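What follows is a single structure, written as structure tokens, with notes after it.
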2 protein chains.
Amino acid sequence: MAPGARGSSPTSIQATVIEELRGRIISGAIEPGTPLAELALAEEFGVSRTPVREALKQLQTEGLIEIRPRVGTFVAAPSRREITELFEMKELLEGAAARLLAQRGRVPEIERLERNLRESDEAVARDDRERYAELVHEFHGLLVQGADNHKLEAHYRTLMNQLAYPRLVMTSLNQPGRALQSDREHHHVLELVIAKDGDSAERVMREHVRESRRALLAGLPLTGPSARARNGVASVP
Amino acid sequence: MAPGARGSSPTSIQATVIEELRGRIISGAIEPGTPLAELALAEEFGVSRTPVREALKQLQTEGLIEIRPRVGTFVAAPSRREITELFEMKELLEGAAARLLAQRGRVPEIERLERNLRESDEAVARDDRERYAELVHEFHGLLVQGADNHKLEAHYRTLMNQLAYPRLVMTSLNQPGRALQSDREHHHVLELVIAKDGDSAERVMREHVRESRRALLAGLPLTGPSARARNGVASVP
DNA sequence: TGGCGGTCTCTTGCATGCCACAGACACTAG
DNA sequence: CTAGTGTCTGTGGCATGCAAGAGACCGCCA
């Protein structure tokens, strides 16, 4: 039910295609606006068009690509407005997750978060941005997981996928001092969670998301990810 | 991009099938757990299996049905836990929508909400529950629309679809006095929105959702929608 | 009678071929 | 040179056929 997908044993062909394509898109391996022809993908994967079509259909429903009938299929290029909206949702969901986690008390995720922060401190200390980016992703993921609401988690994953988050985090971390500040904010949130202060945890978490968004947009060129993206590939004029 | 779908001119076959099936599911015309065979649907709609398959694929991604490979496709049967989670999300999103709407000030949606409440008052006065159920749905929809965040709206619609909300509202309205109380709560929320008191609007809206959930569960039999739903049709052991 | 094995049917997964439409390009007329 | 128009190619939409797995059902054997 969750688009995020984790472990899967009966790996059907379409599942493979979905995971592979989703991975490429959210990692930024293929840029927004890039056309994805069914036939080309089918040949690349060595399968027929059918499973590729079904994979594309699902990715469209997840909001990762756009299928224009009789024209072509393209990697979605979120407009500036959509990015704003996505961050608004991110703030909302992560804030709620922090509150819910605080209410749950001492659950396993807390310890994993503490371990995450210890590693994050080290990564920041040696200025290892790549590793820190991973840890940031994990921190937010753990927080949402710890909220113990599968629906929340599913919607959250969908959002992050649409943002192609991994691609973006690095950008925001290139702002000088952002990594250190981000790490401090994480510590603050976790303290409040452990203190079971749900209200404050939510508030601080939301502030943290706003800060990260600010850092991100500051490091982004005027227009979205790529100027060559067609006129309005992803709605909103 | 939004699963909710509204007007569509270039009606492809699969789009037709999607809308029709979605309508049947969320209205409760077909019960959770009901098997949906591709071939049967194809014959019913007078088309081939292909567009039906694609429609089913999308509905699965939306969380409305479950496709068990090589076994069959079934209308999803939300577990009790999932219903709880969905309402938690509903509370979250509608609360945020109330806040956002309050911040926007005098927008067209406000007037539509006022008109909605006038009609609601009348419906309640003459104990027309069916009409009132429609108006409730519209009220919540307008609120979310008025938040002017398309992502929020899309996720909200997905949630409501998973809940098969229209089918549920009537149940909650069968609780004695619930309609009147609900109407009052709507008035309260709208007042706060118009007063641009976002904090309070969010708080009251969230309380309203909790109340409606309470009324709903009180009118629901012990187990979910239908006991004949297979063991764990919709995950969660 | 109860448990077990095989078969048989129904389901979806996948491959393939044809079709209609969008859009680009070149050619032609003014 | 420009605007209009026709064609032509590439795309996804849809129909169809075959294959493989799951599960029910029936018969057999102890």
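The values are calculated or read from the model by the stated rules, or taken from the named source; none is laboratory data. The structure presented is a predicted model; accordingly, all values stated were derived computationally and were not measured. Because the Cβ atoms are built from the backbone with ideal geometry, glycine has one as well, and the counts that use them run over all protein chains shown.
Here are a few things to note about the model shown:
- Subset of region A:6-33 that is surrounded by 14 or more Cβ atoms within 10 Å (Cβ to Cβ) and among the basic types (Lys, Arg) - its residue that is nearest to the other protein chains (Cβ to nearest Cβ): A:Arg22
Yes/no matrix, rows are residues, columns are (1) surrounded by fewer than 21 Cβ atoms within 10 Å (Cβ to Cβ); (2) within 28 Å of B:Lys151 (Cα to Cα); (3) among the charged types (D, E, K, R); (4) in contact (Cβ under 8 Å) with a residue 12 or more places away in the chain:
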{"site": "A:Pro35", "(1), (2), (3), (4)": "yes, yes, no, yes"}
{"site": "A:Glu38", "(1), (2), (3), (4)": "yes, yes, yes, yes"}
{"site": "A:Gly46", "(1), (2), (3), (4)": "yes, no, no, no"}
{"site": "A:Gln58", "(1), (2), (3), (4)": "no, yes, no, yes"}
{"site": "A:Arg68", "(1), (2), (3), (4)": "yes, yes, yes, no"}
{"site": "A:Val71", "(1), (2), (3), (4)": "yes, yes, no, no"}
{"site": "A:Glu85", "(1), (2), (3), (4)": "no, yes, yes, no"}
{"site": "A:Ala96", "(1), (2), (3), (4)": "no, yes, no, yes"}
{"site": "A:Gly105", "(1), (2), (3), (4)": "yes, no, no, yes"}
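- When restricted to residues that are more than 18 Å from B:Leu192 (Cα to Cα) and either in contact with a Gly (Cβ under 8 Å, 6 or more places away or on another chain) or of a type outside the set (D, E, K, R) (or both), region B:73-119 contains 13.
- Positions within region B:47-94 being part of a helix (DSSP H, G or I), more than 15 Å from B:Asn161 (Cα to Cα) and within 13 Å of DNA strand D (Cβ to nearest atom), in sequence order: B:Arg49, B:Thr50, B:Pro51, B:Val52, B:Arg53, B:Glu54, B:Ala55, B:Lys57
- Test: A:Arg178 is in contact (Cβ under 8 Å) with a residue 40 or more places away in the chain, over 30 Å from A:Val17 (Cβ atoms) and among the basic types (Lys, Arg): no
- Residue within region B:13-23 that is at pLDDT 95 or above, away from DNA strand D (no atom under 16 Å from the Cβ) and over 25 Å from A:Ala15 (Cβ atoms) present: yes
- Extreme residue, surrounded by the fewest Cβ atoms within 10 Å (Cβ to Cβ), among residues of region A:144-166 that are under 21 Å from A:Gln58 (Cβ atoms) and away from chain B (no Cβ under 14 Å): A:Pro166
- Looking only at region A:43-59, and only at residues there that are among the β-branched types (Val, Ile, Thr) and more than 9 Å from chain B (Cβ to nearest Cβ), the one that is nearest to B:Leu56 (Cα to Cα): A:Val52
- Residue count for region B:13-46 under the criterion of being within 10 Å of DNA strand C (Cβ to nearest atom) and assigned to a loop (DSSP other than H, G, I, E, B): the result is 2.
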